[in-house]
Amino acid sequence: QVQLVESGGGLVQPGGSLRLSCAASGSRFSIDLMGWYRQAPGKQRELVARIWNSGITNYASSVKGRFTISRDNAKTTVYLQMNTLKPEDTAVYYCNARSRAIEYWGQGTQVTVSS
């Protein structure tokens, strides 16, 4: 079992920045992939960014160049630095982790980009 706790969401003006954090506990040493997804009202949940144990990262085209995913040396906390935020980035952001082919989700954190 893996537990994920997210933090860092909030309200920000267009063009601003936010940093999300996700801390994993439980069977965290078996995690091979961590990432961030988001779900806007009326839309499906979509991948934002993910980072493999190898360090390879993947980004949605809509956030490439603006968002950066990273993790700590222990590989148990993953971060999402979000810059140049746009109103269309407004969504609930969910942390995701894969451990032994099982996916785990955090509770979600709201990000609202509005003036």
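Structure notes:
- Yes/no for Gln81 being in contact (Cβ under 8 Å) with a residue 40 or more places away in the chain, open to solvent by 70 Å² or more (accessible area, probe 1.4 Å) and either farther than 14 Å from Ala49 by Cα or part of a strand (DSSP E or B) (or both): no
- Verdict on Ser70 being assigned to a loop (DSSP other than H, G, I, E, B) and either open to solvent by 50 Å² or more (accessible area, probe 1.4 Å) or free of Cβ contacts under 8 Å to residues at least 60 places away in the same chain (or both): no
- Pair list, Cβ < 7 Å and 6+ apart or interchain, from the range 94-115 residues that are under 21 Å from Gln1 (Cβ atoms) to residues that are surrounded by fewer than 19 Cβ atoms within 10 Å (Cβ to Cβ) and acidic (Asp, Glu): Asn96/Glu103; Arg98/Asp32
- Residue, most open to solvent (accessible area, probe 1.4 Å), within the range 12-57, restricted to residues that are in contact with a Gly (Cβ under 7 Å, 6 or more places away or on another chain) and without any contact (Cβ under 8 Å) to a residue 40 or more places away in the chain: Leu47
- When the range 84-114 is filtered for residues that are surrounded by 13 or more Cβ atoms within 10 Å (Cβ to Cβ), among the aliphatic types (A, V, I, L, M) and either closer than 15 Å to Gln39 by Cβ or over 12 Å from the mean Cα position of the chain (by Cα) (or both), the ones remaining, listed by number, are Leu85, Ala91, Val92, Val111, Val113.
The values are calculated or read from the model by the stated rules, or taken from the named source; none is laboratory data. None of these values were measured; they are calculated from a predicted model. Backbone-built Cβ (ideal geometry, glycine too); neighbour counts: all protein chains shown. Calculation scope for accessible area: heavy atoms of the full protein, side chains included, ligands and nucleic acids excluded. Shrake-Rupley method; radii C 1.70, N 1.55, O 1.52, S 1.80 Å.
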